[in-house]
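The values are calculated or read from the model by the stated rules, or taken from the named source; none is laboratory data. Just so you know, these numbers come straight off a predicted model, no measurement behind them. Don't worry about glycine lacking a Cβ; one is built from the backbone with ideal geometry, like all the others, and counts go over all protein chains shown. Surface accessibility is based on the protein's heavy atoms, side chains included, excluding ligands, DNA and RNA. Shrake-Rupley method; radii C 1.70, N 1.55, O 1.52, S 1.80 Å.
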Amino acid sequence: MSLSSPPPILSVRPSRALVDEAFEVLVENLAPVSPFTLRSLHHSEDGDDWEAYGHYFSDHSGRVSVSEDLSFGGTYSGMEPMGLIWSMRPVPGSRTGLRLRKKDVTTPMLITVSLYNGHEDFRGNSPLVSMVTERWYMGPGIQRIEISDEELRGGLFVPPGPGPFPGILDLWGGGGGLLEYRSALLASRGYVCLALEYFKTGQMKSTDMSFEYFEKAYRVLKDHPQVIPDRVGIISLCLGTIVTLSLVAESSDITPSCVVCISNIISKPPGKTLSGEFNKIRVDENNHQIWRDVGLALLKEPSMKVDVAKINCPLMLVNGCDDQNWCSVETADDTMDAAGKGHLLTRLDYPDTGHLIEPPFSPHCVAGNFMVYSSNEKVIQRYGGKTKPHSDAQDDSWRKILSFLRRHLYCSHRARM
Amino acid sequence: MLQGLIKISHMHMTEGFFIKNDQTKARRCSDSPPPILSVRPSRALVDEAFEVLVENLAPVSPFTLRSLHHSEDGDDWEAYGHYFSDHSGRVSVSEDLSFGGTYSGMEPMGLIWSMRPVPGSRTGLRLRKKDVTTPMLITVSLYNGHEDFRGNSPLVSMVTERWYMGPGIQRIEISDEELRGGLFVPPGPGPFPGILDLWGGGGGLLEYRSALLASRGYVCLALEYFKTGQMKSTDMSFEYFEVCGLIHQKTKKPLIFLFISKEPDYENIQPAACVCVQKAYRVLKDHPQVIPDRFNKIRVDENNHQIWRDVGLALLKEPSMKVDVAKINCPLMLVNGCDDQNWCSVETADDISKTMDAAGKGHLLTRLDYPDTGHLIEPPFSPHCVAGNFMVYSSNEKVIQRYGGKTKPHSDAQDDSWRKILSFLRRHLYSERAKLST
């Protein structure tokens, strides 16, 4: 160590942020116009290491600013202030089919950002300087209430303050289990949010998916003392969209102020399974399963579809045009035609975007491990999408979803139709 | 460590479980849209600003924003500002005027720096965090109305965290016979410039400034050199401070030490630079014997708070009581408040300046004298303490010392001086020519 060469100064601001907030990474005190690599590293709850990196040149004042400078390559390139997060992928040598999802939302994701000398050969060097930054799903003061009795299973997130607040029921997809991160984030944005578990991973076939379970969940949310009963919405993804549209169309107990459906699956009455159509599954060159044709076949059968003309609340459909898991765009087309209520419908179709449209900056998963419920088989499903457009879609759709929710759940009733 | 989160497990959704609040119930039935309050960033370091924004309000109506903090000592501190929403039903603390309260005018951080104990609190309080591993929790709430706001329930609240320690900072407690203090180390491979942090007459171990400096890239040692009220009996010889240089052997990190010190006059310590905040001018070894003789110079103000500044003025006149600052060979920054009622720090700085100029070392000196600023120049946004409880070491008597300063100029001085201190430290510890030659 030389006492005379000045140490670089690396800052990440803010050092603690919510996951949908951007940060600024700045390095100073470097040798001028020299090659450096910035790298992010995260050790996941599952024990895998995820990384992203960009190759930069310092300017004449010895400075690299990720918000303002170009990345010349790496896991991302161009001017990408948040490239160190959204382009993360498992480090070389990792297991396959991984998805980065936080289970415990009461603690932050820890990301270490490090600076190295050089570009292509950077891995051979030790980092010059590192910083740790925290990415949170839960804001300060958010209360998490675990709900686990015979009748209902899920996680309820309540913002701090006197309330009451608008409420949101959050339904995930075919992977099953309980995923709380989107609910925690929505609570941090001002909603009482209930993440509902309606079947355990791999056990969809045996689970009772009748209306009563969901009606109870909706009622519990609506009747919660911190919830304004006529300002409740539903957000759903993938399989959750089937449930959502069915309930909203057919159940008299469920009358949300608005509904968001991401990556739409053909609406069908709950209780029936999809086991009959599995011969339509294709595989790609990597032996990853593509399920979208299963949906295309279902679209042709009127008896398998919910009567969406009965839906009377604002509905937002968010889909990826490169969704290889389901034919979500075609499904949305179908829903729109059938509804005859165009003024209630908002559609966002994102080009080169896959099935898993997550909160902003979530690393893109183009293909992931999945347990097939009908056969207990573990396969790799292909979700589709190209990383950069998919990340842009996550960013844009989240902002539009939040503004849709705010308009219909927070604004004056006169603003609503 | 839950950091502001309440975790409740395995509740049964039974009918009578939830506590029903009448006003909340009434609001559940009304048609009026709920206000939306945001504080960004919701988690920040204490020297970082935040933006408080309220939306969805009735247009052009009176509202009050209030911050509340429950301190480690069990006291409640608050600040509040009176605002009017604009035509879009919005109040932005960063952009709008406060029409009164504990602060007025356009003051983005008024809800923090103007905090004071709530009415009915004990006297002589100072807000200082002892446990720096957890954040300060501040609740920001919105109320209807101005003068009468306290009679109403808040419409909406948010919680924000203010941290002294950044993510990844390591805190190492040092407590053996030889040395007592807290060492703060930034994350990463290092090595880093180092700082020795020495507090004042209150004694004890205060770590918050060191934690904050570590969050800005320095290995920082907060040194405890006497316990509160025990200054007289403490060994304050040079050897104690010299031992700090041995720290680097214990932590196995090569460090460059710099002193923030009351007593920079010591041959074996070669700091790269010195920052003296509120420097008092005394001979270290003789201190316990000297000070009691001068106590007849202590005055009291109209509140019976002790003003000690004349004690210092008398000492300045005695050359034998003064450190020979002509021997200092490193850059020195002196930060003082012109309204310092606790010590004559500006006159002291004048004296130092004169001595160093005479020795041809004026170019090493940087002086910042802040108007209407008192004795306790703390990190940015720290609530201003104009008079505080103090335990006198010679008599074990508890008095209230007057520190001086007017709140708004004093807060501006804290903000400005911190930025200038950080930039001084960066220049001399992080830049190419780390050692400025004389």
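Give the average, rounded to an integer, of partner chain Cβ atoms located within 10 angstrom of each Cβ in A:227-236.
On the way: counts 1, 8, 2, 3, 3, 0, 0, 0, 0, 0.
Average per residue, whole number: 2.
Exceedance of the 26 Å cut-off in Cα-Cα distance is limited, within the set B:LYS327/B:LYS408; A:LYS222/A:LYS400; B:LYS129/B:LYS406; A:LYS310/A:LYS388; B:LYS129/B:LYS408, to B:LYS327/B:LYS408; A:LYS310/A:LYS388.
Within 10 Å of the Cβ of each residue in A:397-410, the mean number of Cβ atoms contributed by other protein chains is 1. Per-residue SASA remark: B:ARG40, around 110 Å² accessible (1.4 Å probe; ligands, DNA and RNA not included). For segment B:143-169, a decrease in accessible area of 20 Å² or greater in the assembled protein chains relative to the isolated chain, with a 1.4 Å probe, applies to B:SER157, B:MET158, B:VAL159, B:TRP163, B:PRO167. Put simply, chains B and A cover up around 5000 Å² of each other's accessible surface, both sides summed, when a 1.4 Å probe is used. Dividing the radius of gyration of the alpha carbons in segment A:9-136 by their Kirkwood radius gives 0.96 for Rg/Rh. Under a 5 Å amide H cut-off, with hydrogens placed 1.01 Å from N, A:TYR383 pairs with A:ALA367, A:GLY368 among residues at least 5 apart or on other chains. Near B:VAL156, the amide H atoms lying under 5 Å from its own belong to B:LEU142; only residues 5 or more places off or on other chains count, and H is placed 1.01 Å from N.
Peptide packing for A:142-148, A:246-252, B:355-361 was compared via the average number of neighbouring C-beta atoms within 10 Å per residue; ordered from the highest value, the list is A:142-148, A:246-252, B:355-361.
Taking the Cβ of A:TRP136 as the centre, find all other residues whose Cβ is under 12 Å away and add up their charges (Lys, Arg: +1; Asp, Glu: -1). Within the 12 Å Cβ shell, the charges total -1. Computed over the alpha carbons of segment A:92-243, Rg followed by Dmax gives 19.5, 60 Å. Converting phi to 3J(HN,Hα) with the Karplus coefficients 6.51, -1.76 and 1.60 and the offset θ = phi - 60°, segment A:155-167 yields x, 10, 10, 10, x, x, x, x, x, x, 10, x, x Hz in sequence order, with x at every glycine or proline. The string of couplings for segment A:352-362 from the Karplus curve (6.51, -1.76, 1.60, θ = phi - 60°) is 6, 10, x, 7, 8, 8, 9, x, x, 6, 5 Hz, one whole number per residue in order, with x for Gly and Pro.
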